[in-house]
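The values are calculated or read from the model by the stated rules, or taken from the named source; none is laboratory data. Remember, it's a predicted structure, so these values are computed and weren't measured experimentally. Cβ placement follows ideal geometry from the backbone for every residue including glycine, while neighbour counts extend to all protein chains displayed. To get the accessible areas, we keep the full protein, side chains included, count just its heavy atoms, and leave off ligands, DNA and RNA. Shrake-Rupley method; radii C 1.70, N 1.55, O 1.52, S 1.80 Å.
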Amino acid sequence: MKDLHFTTDTIIPLIVAEDIRQLNKWGIQDRSPSEWLMFATEELGETAKAIGEFQYRGGLAEDVVKEAIQTATLMLKIAEMFQALLVAKA
C-alpha cells in the first residue's frame, strides 16, 4: 500500500465529520494530557485490531477507515490543544 497525499475532498471531510460526531456524543471535554493520550492509545488499538481483521480474517476496509479516522481526529484534537498553548505563550 502506498502513502497518498491528504486531499481535502476525501480524508479531511471524514475527519471534520468525526469531530462533529464526537462532540455530539461526548460534548466539550476538559481532560488532562495523559487522559487524552490514553483515549488516543485506545483508538489506535482499535485501528490495529481492524487492520488485523482486514489482513487475516476477511475484515472490511471500511472498518479500518472508520477506526483510523477516529484515531486521527483525536490526535488532531491533541495537536490543536497544544498549539493553543503555543499561541497563548506568544
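Could you list all residues from segment 10-33 that are of a type in the set (Lys, Arg) and assigned to a loop (DSSP other than H, G, I, E, B)?
31
If residue 7 satisfies all but one of (1) modelled with pLDDT under 95; (2) part of a helix (DSSP H, G or I); (3) open to solvent by less than 60 Å² (accessible area, probe 1.4 Å), what's the number of the condition it fails?
(2)
Just one of (1) in a helix (DSSP H, G or I); (2) open to solvent by 80 Å² or more (accessible area, probe 1.4 Å) trips up residue 48, so point out which.
(2)
Could you tell me which of the residues 72, 68, 40 is crowded, with 16+ Cβ neighbours inside 10 Å, in contact (Cβ under 8 Å) with a residue 40 or more places away in the chain and hydrophobic (A, V, I, L, M, F, W, C)?
Only one candidate qualifies: 72.
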